[in-house]
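Below you'll find the structure, written out as structure tokens, and then a few comments.
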Amino acid sequence: ADSINRSPLYSATVFVGEIGCLMTAFVKTYPALYACRVLTGISIGGAIPVIYSVLADLYPANQRAGIAAVVTTGTGLGMGIGQVIAGSLDDWRLPFIIVSIPGLICSMLLLLVQDPRRGEKEQAFLEKRNQIINADSTLTDGEDIV
């Protein structure tokens, strides 16, 4: 995730997970159910590092704990809402369809999100960048560079 745009990467991980979730509604065998749930789990495992990487580039260090708490709380609330939906329906398959369709739409919308510049909120990065810029400007002020 350090060398590519994270928006398509995150979009792909969400898409794969939601496909696994949607396919769960149509399985006929236990191995197929297992495969779909594994696919969803792998997707979640791939999405989490990307989420926190983007958050690190959007928020300074002193705000990250609060933002991480909001993300984690949202994750827990989402799981709780999913269980309420599942518990209020008679068919165990329908919740997978209800939950996956918005996720698939969101995965496509993620392709429109611009990836934030890496390291922009890191004080050490900013200091080093300013040193390089200042050193470069002092070298080029009136001097010929060979």
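Some observations on this one:
- For the chain, the share of alpha carbon pairs falling in successive 10 Å distance bins from zero is 10, 28, 27, 16, 9, 5, 3, 1 percent.
- For the chain, the carbon plus sulfur part of the accessible surface works out to 68%, probe radius 1.4 Å.
- Whole-number accessible area per residue in Å² for segment 14-146, which is evaluated in the context of all protein chains at 1.4 Å: 69
- Choice from THR40, THR73, THR24 showing the highest fluctuation, given a GNM over the chain with Cα pairs closer than 10 Å: THR73
- Axis of helix 6-24 versus longest Cα principal axis of the chain: the two differ by about 10°, to the nearest ten degrees.
- Segment 85-131 and segment 1-35 have Cα centres spaced 13 Å apart.
- The phi-based Karplus calculation (6.51 cos²θ - 1.76 cosθ + 1.60; θ = phi - 60°) puts the 3J(HN,Hα) values of segment 43-48 at 4, 4, x, x, 6, 4 Hz, whole numbers, x for Gly and Pro.
- Per-residue [θ]222 nm for the chain (sum of -39500 (n - 2.57) over DSSP H runs n ≥ 4, rounded to 500): -26500 deg cm²/dmol
- Converting the Cα gyration tensor eigenvalues of segment 2-67 into ellipsoid dimensions via √(5λ) gives semi-axes, longest first, of 31, 12, 8 Å.
- Overall form of segment 34-84 per C-alpha gyration tensor (a/c, 1.5; a/b vs b/c): oblate
- For the chain, the relative contact order comes to 36 percent (Cα pairs under 8 Å, sequence separation of at least 6).
The values are calculated or read from the model by the stated rules, or taken from the named source; none is laboratory data. Keep in mind the model is a prediction, meaning the values are calculated, not measured. Surface accessibility is based on the protein's heavy atoms, side chains included, excluding ligands, DNA and RNA. Shrake-Rupley method; radii C 1.70, N 1.55, O 1.52, S 1.80 Å.
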